[in-house]
Amino acid sequence: MAQEIKMSAAGLKAVQEELEYLKTVRRKELAEEIKEARSHGDLSENSEYDEAKNTQGLVENRITELEQMVKNAVVIDESELSVESVSVGTHVTIQMAGEDEKEEYDIVGRTEADPLNGKISDESPVGHALLGKAVGEKAEVLLPSGHTVEYTVLSIAHSAN
């Protein structure tokens, strides 16, 4: 059985839009590029043709990946989420032990993770450690470097998405 992929309604919509674009627009563009490259003659020494075929393979792989995401998507209804504990779809404010600075994150499914924009996956070390924690609880996080850090959950809210 395939693994569920948790995502917001907005995340699913973005995946569906990318899939539609790749299946309609991008496939046609690549077919034209391949046709154009073929018209240049000898395919054994035609780098344009090779590049277009390689790109076509990458696009087809991405289409397959996106189709699996859509098929296995479980949309999180954020309006029904409890903010009693950290879960996918919640916005959390945390503080590392010994630090003054607070950090804020939206906990999202792996397909929507964007750490630079404050969206961390429930499968990331920090996200996973925070799951199920309530305000005031501490979460120990084993970092990839091998160090363990401790975060305290300061607040939990619905994600703004």
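Here are a few things to note about the model shown:
- If the condition is being exposed (fewer than 11 other Cβ atoms within 10 Å of the Cβ) and farther than 18 Å from Asp122 by Cβ, then region 1-16 contributes only Met1.
- Exclusive hit being of a type outside the set (S, T, N, Q), closer than 30 Å to Leu131 by Cβ and not assigned by TED's automatic domain parsing to the domain that holds Glu137, set Glu60, Glu33, Glu67, Glu51: Glu67
- Residue match in region 38-59 (condition: in contact (Cβ under 8 Å) with a residue 24 or more places away in the chain and either assigned to a loop (DSSP other than H, G, I, E, B) or closer than 30 Å to Ala157 by Cβ (or both)): no
- Matching residues, region 104-161, being polar (S, T, N, Q) and more than 19 Å from Lys13 (Cβ to Cβ): Ser124, Ser145, Thr148, Thr152, Ser155
- Here Glu80, Glu123 are screened, and the one residue that is among the acidic types (Asp, Glu) and under 13 Å from the mean Cα position of the chain (by Cα) is Glu123.
- Answer from Leu43, Leu22, Leu12, Leu30 - the residue that is at pLDDT below 90, more than 19 Å from Asp114 (Cβ to Cβ) and not β-branched (Val, Ile, Thr): Leu43
The values are calculated or read from the model by the stated rules, or taken from the named source; none is laboratory data. The model shown is predicted, which means the values in this text are computed figures rather than measured ones. All Cβ positions, even for glycine, are placed from backbone atoms using ideal geometry, and neighbour counts span all protein chains on display.
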